[in-house]
Amino acid sequence: MAAASAVRVAGRRSRRFFDIFVAEVPWTVSSKELKEYFSQFGSVQRCQLPFDKDTGFHRRYCWIKFSTPQDVQNVFQKDSHILEGAKLTLKQQTHKRRGQRKNQSQ
């Protein structure tokens, strides 16, 4: 049981190191399709699309990790991102450590 808890905590921590959070992902889109779509902006290292264990469907959001900061900038230069007729909502993730966040808020 402790091992499963440690894996969940590590998973939450690792999401901080993704570059982009994507919401409003259509049910019909797979992680492979997301990776293919975002690869037009640069090299996609990883796409994490979490699934709901009860329903078997993905949760309609994902995290994307790019190889370089320039790749991330390329994504945000485009006004809107549409997959299968649905407009995706994107948010750039920050890569700050906890200590840095405390210092900035003081």
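The values are calculated or read from the model by the stated rules, or taken from the named source; none is laboratory data. Predicted model only: the values in this text are computed from it and were never measured. Cβ: placed from backbone, ideal geometry, glycine included. Neighbour counts: every protein chain shown. Ligands, DNA and RNA are stripped out before the accessible areas are found, and what is left, the full protein with its side chains, is counted by its heavy atoms. Shrake-Rupley method; radii C 1.70, N 1.55, O 1.52, S 1.80 Å.
In summary, Gln92 fulfils each of the numbered conditions (1) within 15 Å of the chain's Cα centre (by Cα); (2) closer than 19 Å to Ser31 by Cβ; (3) touching a residue at least 12 places away in the same chain (Cβ under 8 Å) with the single exception of condition (2).
Based on this model, can you work out whether Thr94 counts as at pLDDT below 95 and of a type in the set (Val, Ile, Thr)? In short, yes. Regarding the range 45-66, can at least one residue be identified that is open to solvent by 30 Å² or more (accessible area, probe 1.4 Å), under 14 Å from the mean Cα position of the chain (by Cα), farther than 18 Å from Thr89 by Cα and of a type in the set (Gly, Ala, Ser)? Scanning the range 45-66 turns up no residue that is open to solvent by 30 Å² or more (accessible area, probe 1.4 Å), under 14 Å from the mean Cα position of the chain (by Cα), farther than 18 Å from Thr89 by Cα and of a type in the set (Gly, Ala, Ser). Residues that are surrounded by 12 or more Cβ atoms within 10 Å (Cβ to Cβ) and over 10 Å from the mean Cα position of the chain (by Cα) within the range 17-27 comprise Glu24, Val25, Pro26, listed in sequence order.
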